[in-house]
Structure formats: structure tokens, C-alpha cells
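Report on the structure given below.
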Amino acid sequence: QVQLVESGGGLVQAGGSLRLSCAASGNIFNIKLMGWYRQAPGKQREMVATITGGGTTNCADSVKGRFTISRDNAKNTVYLQMNSLKPEDTAVYYCYTIVQELGLMGSYQYWGQGTQVTVSS
């Protein structure tokens, strides 16, 4: 089992910044990918940004130039720096990971509990 602990959500005015963090712990042999998804009320969950173990990043077009994903491999932690926030960024943000676990074959995916980000206009 792998646990994901998120932090950093909150309420911010439009144009402001927030930084989300997500730390993975547990039966980890190798983290293949970490990232962030979000889900706004009445909408489907969507990918925000991901980063592989090698550092390759992928960001949704809606956040390019405003959000930056980074990762501390030594701490098994991923960060999402969110700048120039807009009201449409309001959502629950979920941490996501794909890992290889000690003693197990294959890869497994896990989700965090989610952290609320609210951007006021």
C-alpha cells in the first residue's frame, strides 16, 4: 500500500498564487509518475500536470504558463506551483501516482484524498 498526503490548498483571490504538495509513503520501490488532477463541481476529473521519474512533464493547455509541476525524488514529493490563479481553477485537486511496489509485480496507481482550491473573483 502507498499513501499520498496532500497539503497547500485554500482560498485565494484571482491573480494570486498557491503551492500544493503531495508526499508519497509506504511500500514504494519506484515511482514512475506523480501528478495532479482536479475536479470542479459538475465536471469530470481532468489532468492538470504530471511528471515522470525522469523529470518529463506534461501540463494541460489551460494551465500552461501559469502552473509548474516539480518533484523531489529523495522525498517522494511532488509540488504544483499555481500562479495567476483564475476563478475557473476552483476545484478539488487530487494527487496521483503510479508506482512499483516492493515484492509485487506490475504497477499500481493511487489517489490522494483531495485538497480544495478556491479562487475568488
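Which percent of the accessible heavy-atom area of the chain goes to carbon and sulfur, probe 1.4 angstrom?
Numbers: 3080 of 6380 Å².
Whole-percent figure for carbon plus sulfur exposure: 48.
Describe numerically, in nm with one decimal, the distance between label points set 7 Å from Cα along Cα→Cβ at Gln1 and at Leu104.
In this crude label model, Gln1 to Leu104 measures out at 1.1 nm.
Kindly list the residues of region 29-61 that lie in the label zone of Trp111, defined by a backbone N under 15 Å from the point 7 Å along the Cα-to-C-beta vector.
35-48
Test of understanding: what is the full-extension gain from Thr56 to Thr118, defined as 0.36 nm times their sequence separation minus their Cα-Cα distance? Before the final figure, lay out the partial values.
Numbers: separation 62, 0.36 × 62 = 22.32 nm, distance 2.81 nm.
Extending this stretch completely gives an extra 19.5 nm.
Counting only Cα atoms, I'd like the Rg/Rh figure for the chain, Kirkwood definition for Rh. Present the calculation step by step, with values, prior to reporting the outcome.
Working: Rg = 14.2 Å, Rh = 14.5 Å.
Reported Rg/Rh, Kirkwood definition of Rh: 0.98.
Quick check for you: with a 1.4 Å probe and neighbouring chains kept, what is the accessible area per residue of the chain, in Å²? Intermediate values should be presented prior to the final figure.
Working: 6380 Å² over 121 residues.
Ligands and nucleic acids excluded, the result is 53 Å² per residue.
In percent, how large is the relative contact order of the chain, given Cα pairs closer than 8 Å and 6 or more residues apart?
Working: 303 pairs, mean separation 43.0, N = 121.
Here the relative contact order equals 36 percent.
What does a probe at Glu46 reach in region 84-121, counting residues whose amide N is under 13 Å from the point 7 Å along Cα→Cβ?
Correct set: 86-92.
Among all stretches of the chain without exposed trypsin sites (Lys or Arg not before Pro) (DSSP loop, at most 11 other Cβ atoms within 10 Å), which one is longest?
Values: sites that count: Lys43, Lys64.
Value returned for the longest uninterrupted segment is 65-121.
The values are calculated or read from the model by the stated rules, or taken from the named source; none is laboratory data. Treat the numbers as computed from the prediction; the structure is a model and nothing was measured. Cβ coordinates were reconstructed from backbone atoms using ideal geometry, including for glycine residues, and neighbour counts include every protein chain displayed. Accessible surface areas use protein heavy atoms only, side chains included; no ligands, DNA or RNA. Shrake-Rupley method; radii C 1.70, N 1.55, O 1.52, S 1.80 Å.
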